[in-house]
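The values are calculated or read from the model by the stated rules, or taken from the named source; none is laboratory data. Remember, predicted model here, so these are calculated numbers, not experimental data. Cβ atoms come from the backbone with ideal geometry, glycine included; neighbour counts cover every protein chain shown. Heads up: the accessible areas ignore ligands, DNA and RNA and are worked out on the full protein's heavy atoms, side chains in. Shrake-Rupley method; radii C 1.70, N 1.55, O 1.52, S 1.80 Å.
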Amino acid sequence: MKATNHDNIGGVLNYLEENQARFLNDLCQYVRFPSVSAQSSHGPDMTACANWLVARCRRIGLEARLCLTAGHPVVLAKTPRSSRAKKPAYLVYGHYDVQPAEPFNLWKTDPFTPRIEGRSLFARGASDNKGQNLAHLNAVEAYLKTGTELPCDLTFVIEGEEEVGSRNLADFLKANRKELACEAVVISDTGMPGLKYPALTYALRGIIACEIIVHGPSRDLHSGIYGGTVDNPAMVLCQMLAQLRDKQGRINIPGFYNDVAKLSAYERKEAARLPMNAGEYRKFLGVPQLFGEKGFTFVEQRSARPTIEINGLTSGYQGEGSKTIIPAQASAKLTFRLVPRQNPAHVRKVILKRLEALCPPTVRLEVKAGHGGEAYLVSPESPLAQAGLRTLKKAFGHEPILLREGGSIPIVTQFQKILGAESLLLGLALPDDNAHSPNEKFSLDCYEKGMRMGALLWPELARIS
């Protein structure tokens, strides 16, 4: 169906420009909520943040409601529907939950008190994902407040559990499948290399998380009296972990690389277009030397190859001074990033088999399964992707690039399976936004251009529907 009555796009863009100060104030209010989904103590903050979003949506003219789940609530908001003509329907996804802010001592200022420095807003959640999803809401506000007819019917789904694996959103999608039916899902929860390099993300890595616990003696033991007669759980765990990756950067788990597809020449050429070189990347990360799987560039290593990472390592005494013990147990939190075609169930199975083979009989192994999700891949030559690329060029004034994202958005594959909808990933985060790290920030230029992108997107998508 062709878009109609969007001749006032100039008025929409002017509205966005004239209201930048208020939009910044709204974002400052949004990031003040410590909506940390991983920590139960922030349950009331999660609800308060969700209610703020509902009120914000209603104020701009959306029909909005709070939808309860077994976990944190989902905010559902819809543009007013016209009875005169059927329009193509699209879903806009985002999340209002944020990562824990610890360690607090590494923040220059309080993580939930927004600080503006130059053209950046510093606060937890500013980039991931509050600034990005608010940019889309602001763009829709500009349509509604200027009386400009939207060429598409839009439904916003803003959840509160993305940072803990979207564990209840799939059930929400199934329960509301009919109401959420759409042509495609628009998501701004990824990134771009720079303001001159807007990007369409056409692939995401999947993820498997787990916790390994090695149990030894029934209690901490005096290392002088008992050392040498029992195996040390911390030592065993370190030895096990060291055997999960070889010196070439490859994961040392039989069967792990089954079904991993080779990168095409076209994909490698696109990856080479990224503006940063290996030396600049090393300096940006602050490491003496890069390390990764041999035979691949750093861009390919961080976005298109499977990885293993130790996210946390715990055992024994951590306080001041020394305490000469053999700890009763040791634990490690691991994540594995997966690439398209890898089957998470198969990968989880071979990981467990490898861990069991590495664990000696002197200790007891416990493995706790964490969240997981498949990798995602969509053709960058599809009409949906091409509409996104045209929009990026108009909004940012520069030729966009194609990007594989190293991170994971597990719910993207659920949109595909449950709603039958592909996702259009148009990220607004910059590499130095410190997502998941202390001093997270969001570029106000990206915020502004993201609103412009959100306004220009709907006529482009309406044309292909």
Go through region 413-465 and report how many residues are in a helix (DSSP H, G or I) and either open to solvent by less than 30 Å² (accessible area, probe 1.4 Å) or closer than 26 Å to Ser303 by Cα (or both). 24
Scan the strands (runs of 3 or more DSSP E) fully inside region 127-213 and keep the ones with 1 or more residues being acidic (Asp, Glu). 153-159
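So which of Gly165, Gly160 ends up being modelled with pLDDT of 95 or more, open to solvent by less than 30 Å² (accessible area, probe 1.4 Å), of a type in the set (Gly, Ala, Ser) and within 25 Å of Ser437 (Cβ to Cβ)?
Gly160
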Tell me yes or no: at least one residue of region 240-259 is closer than 20 Å to Tyr376 by Cα and exposed (fewer than 15 other Cβ atoms within 10 Å of the Cβ). yes
Given the condition under 17 Å from Ile251 (Cα atoms), of a type in the set (Val, Ile, Thr) and surrounded by fewer than 18 Cβ atoms within 10 Å (Cβ to Cβ), answer yes or no: does some residue in region 337-345 qualify? no
Out of region 216-243, which residues are in a strand (DSSP E or B) and either closer than 16 Å to Glu366 by Cα or β-branched (Val, Ile, Thr) (or both)? Val230
